[in-house]
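Right, one structure below, let's go through it.
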Amino acid sequence: MTGTEARGGEHAAGHADRSPAACAVVELELYKLAVEMADRISGRRALANTFFLTVNTGLAALLGGGNLRWYVAVAGIVFAVSWWALLQSYRRLNWAKFEVINRIERDSLPLGIYSEEWTYLQGTSSRRKVWPPKDFLAWLKGYRELGAIERIVPLAFIAIYVAELIRQVAS
């Protein structure tokens, strides 16, 4: 078997090899590609977080350092809202990628590493209640999605910028 045939390519006669062995090889390669692309998306998301955190930290520091005009706070709100929207987009994109990865695991692979990991994490997910104190402790110990945690940061910056706008209007 040639390398092209092993990858589910074409036979010498020009027809695609649709044998179960060739299809299994192609499915495994596509699975590897899907996992690699999901990892790349996570890397780009981390880079975007670094960029927006740096910009917002700088703008918030400027606000604390002097009497700046209102448009610095408005620029901060624009950056923070953009960051939050980008995180939402990355979340939807990763969700779709993992739906595909999980389907391939379910239908074609003997073991579903990502789907089993997700099942385990869902079993340890944190409660939504944080009061009374015993619920808060359970919330701290439970699993929380990274996306849920990281979306709080742009909202905190928005609160800082809105507070600054209110301070400027009140003075």
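The values are calculated or read from the model by the stated rules, or taken from the named source; none is laboratory data. Quick caveat: nothing in here was measured; it's all calculated off a predicted structure. Every residue, glycine among them, receives a Cβ derived from its backbone with ideal geometry; neighbour counts consider all protein chains shown.
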Original post:
Among the candidates L137, L146, L111, L121, which residue alone is without any contact (Cβ under 8 Å) to a residue 40 or more places away in the chain and closer than 30 Å to A21 by Cβ?
Top reply: L111
Original post:
Does Y120 fit the bill of being modelled with pLDDT under 85 and either part of a helix (DSSP H, G or I) or over 24 Å from the mean Cα position of the chain (by Cα) (or both)?
Top reply: yes
**OP:** Would you mind stating whether F98 is within 30 Å of M37 (Cα to Cα), part of a helix (DSSP H, G or I) and not aliphatic (A, V, I, L, M)?
**Re:** yes
